[in-house]
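Chemist: Dropping a structure here in structure tokens format, bear with me for questions.
The numbers here are math on the coordinates, done by the rules we state, and not lab data. Bear in mind the structure is a predicted one, so any value in this text is a computation, not a measurement. For neighbour counting, all protein chains shown are included, and Cβ atoms are generated from backbone atoms with ideal geometry for every residue, glycine included.
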Amino acid sequence: MFMKKAVIISCLIMMMLSALGGCSGEKEASGPELRVGVIGVTSGELFRKGTYILAAARYAVDEVNAEGGVDISGVKHSVKIFPVDSGGSPEIATQMALRLIDQDKVSVIIGGASSGVALAIAEVCEKKKVPFITPVASTNKLTAYKYAFRVSYTNSVQASALAQFVSSKLKNESVAILYGVENPYSVELATLFKNNYAKRGGAVVAFESYPAGSRKYEVQLKKIVAAKPKILFLPNNTKKIQIQARRARQLGFKGILLGSDSWDPVDLLRNDIFKNSYFTDHWFPGLPIPGSAKFEADYKKKNGVDPTELEALTYDAAMSVFAAIKKDHSDDPVAIHDSLVDMPPFAGVTGKFDYNNNGDPAKDVFISHLKDGHVVLADTVFVE
């Protein structure tokens, strides 16, 4: 079994390398370059997230290059990105990160659409002393890596904000939780929410898990419905929650659906099952954040679509890197790391933040509400 898995992964890596080519599909630049690796995913359940990451990274790079590039020691450097596909696999992500650092000589890596993949990239970047910024991975385990940064809040912050929201705004109603037992993000967030909610006097009446690869949740959902919760918390990816929520409704669950930042409103707004649901959010079009409206308008003008939260987060990740480089005028990976830690708070389109000493920004948590075919702001929670 192990050998079979290794062969499959090796074949996938070779296919990805072949498809991406020697210059990673980007135009050759003349003159000095700042090389930036971008690890997305173009296949599997998270392919849309990977597409968002790459589109936003390209948008940020085009914006900086249109202004003449990045000044490094008095010399303008054009920014060149090297995009690779993780396939949604930590094993492949490891190989891609090594390739970006050893072969393509990138100074920084942006990406990681899931916690498992982000942790694999962080492991490589820690050993190689190359900064890595993930737009969205929220696992607490990432904090241990000195060279890892994130634009998103951590699972601890997210879980605390959710518990506070359910307690204060949803009147401490009973909650059931269904989570993926082999998914680091799902396990961590489910457990942290359960503990935080209990401290606030809330009752978690069912705490059910499912194995990786599962597409049927009958046994778990029957137990959940039998416990008669008022709220069902699903800290899982969008493809899975649509199956889970539909089956829960069929089995008789009539309460509120509650989600995390893994939910993608692009899909859920089209699904009547998710009417009046709530989920944690980082950003959405229309928020009154300085610079956000301009980003929305310019992005839509260039790409023909409204940006999503992941595109806004990725844009902030990239632009914060360029700000750090402009501060110390160096493309040395260690210098970029030090500048990211030391630079003043960065005013991004998702809000003002700094990376602190541990790479984790202190940010507001937006609670979004799917209402009347739109995403509206239900609450803003700041967790210290």
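Chemist: Let me check against my output: what whole-number percent is the relative contact order of the stretch 229-384, with C-alpha pairs under 8 Å and at least 6 apart?
Modeler: On the way: 223 pairs, mean separation 32.9, N = 156.
Relative contact order for the stretch 229-384 comes out at 21 percent.
Chemist: At ASP338 and GLN250, where each label point lies 7 Å from the Cα along Cα→Cβ, what is the point-to-point distance in nanometres?
Modeler: Simple spin-label model gives 6.0 nm for this pair.
Chemist: Quick check: from the Cα gyration tensor, does the stretch 168-272 come out rounded (a/c under 1.5), prolate or oblate?
Modeler: Values: a/c = 1.30, a/b = 1.22, b/c = 1.06.
Verdict is rounded for the stretch 168-272.
Chemist: Moving to a separate point now. Across the stretch 221-234, in residue order, what do the Karplus-derived ³J(HN,Hα) couplings come to in whole Hz, using 6.51 cos²θ - 1.76 cosθ + 1.60 with θ = phi - 60° and x for Gly and Pro?
Modeler: 6, 5, 5, 5, 5, 5, 7, 6, x, 8, 9, 10, 9, 10
Chemist: Using 0.36 nm per residue, how much length does the chain from GLU173 to ASP298 gain when fully extended, once their Cα-Cα distance is taken away? Let's see the in-between values first.
Modeler: Working: separation 125, 0.36 × 125 = 45.00 nm, distance 4.19 nm.
Residue separation times 0.36 nm, minus the Cα-Cα distance, leaves 40.8 nm.
Chemist: Still on this structure, please answer the following. What residues have an amide H closer than 5 Å to that of HIS77, excluding those fewer than 5 places away on the same chain, when H is modeled at 1.01 Å from N in the peptide plane?
Modeler: Those lying under 5 Å, H to H, from HIS77 are VAL70, ASP71, ILE72.
Chemist: Further question: Over the chain, what is the percentage of antiparallel beta bridges among all DSSP beta bridges, to the nearest 5? Provide the component values of the computation, followed by the final result.
Modeler: Details: 18 of 50 bridges.
Taking every DSSP beta bridge within the chain, about 35 percent pair in antiparallel fashion.
Chemist: Can you sort ARG99, ARG270 by how many other beta carbons sit within 10 Å, fewest first? Could you put the intermediate results ahead of the total?
Modeler: Details: ARG99 20, ARG270 10.
Ranking ARG99, ARG270 by Cβ neighbours within 10 Å, fewest first, gives ARG270, ARG99.
Chemist: Mind sorting SER89, SER209 by how few other Cβ atoms lie within 10 Å of their own Cβ, fewest first?
Modeler: Working: SER89 22, SER209 16.
Result, fewest neighbours first: SER209, SER89.
Chemist: On to the next question. Are there GluC sites (Glu not before Pro) in the stretch 34-89 that DSSP puts in a loop and that have at most 16 other Cβ atoms within 10 Å, and which ones? Don't skip to the end; give the middle numbers.
Modeler: Values: sites: GLU45, GLU63, GLU67; in loops: GLU45, GLU67.
Passing both the DSSP loop test and the Cβ count: GLU45, GLU67.
Chemist: First measure r as the distance between the Cβ atoms of ASP102 and ALA203, then evaluate 1/(1 + (r/R0)^6) with R0 = 51 Å and state the FRET efficiency to the nearest 0.05. Write down the numbers at each step before the final one.
Modeler: Details: r = 52 Å, r/R0 = 1.02.
In this case the efficiency is close to 0.45.
Chemist: Ranked highest first by the average count of other Cβ atoms within 10 Å around their residues, in what order do 230-238, 275-283 fall? Present the calculation step by step, with values, prior to reporting the outcome.
Modeler: Numbers: 230-238: 24.1, 275-283: 22.3.
Per-residue mean Cβ counts within 10 Å order the peptides as 230-238, 275-283.
Chemist: Sorting SER86, SER78, SER186, SER114 on the 10 Å Cβ count, fewest up front, what's the list?
Modeler: Numbers: SER86 32, SER78 17, SER186 25, SER114 28.
Sorted ascending by nearby Cβ count, the order is SER78, SER186, SER114, SER86.
Chemist: While we're looking at this one, here's another question. Please report the relative contact order for the stretch 180-266, taking Cα pairs under 8 Å with a sequence separation of at least 6, and give it as a percent rounded to a whole number. Please list the in-between numbers first.
Modeler: Details: 84 pairs, mean separation 24.2, N = 87.
Relative contact order of the stretch 180-266: 28 percent.
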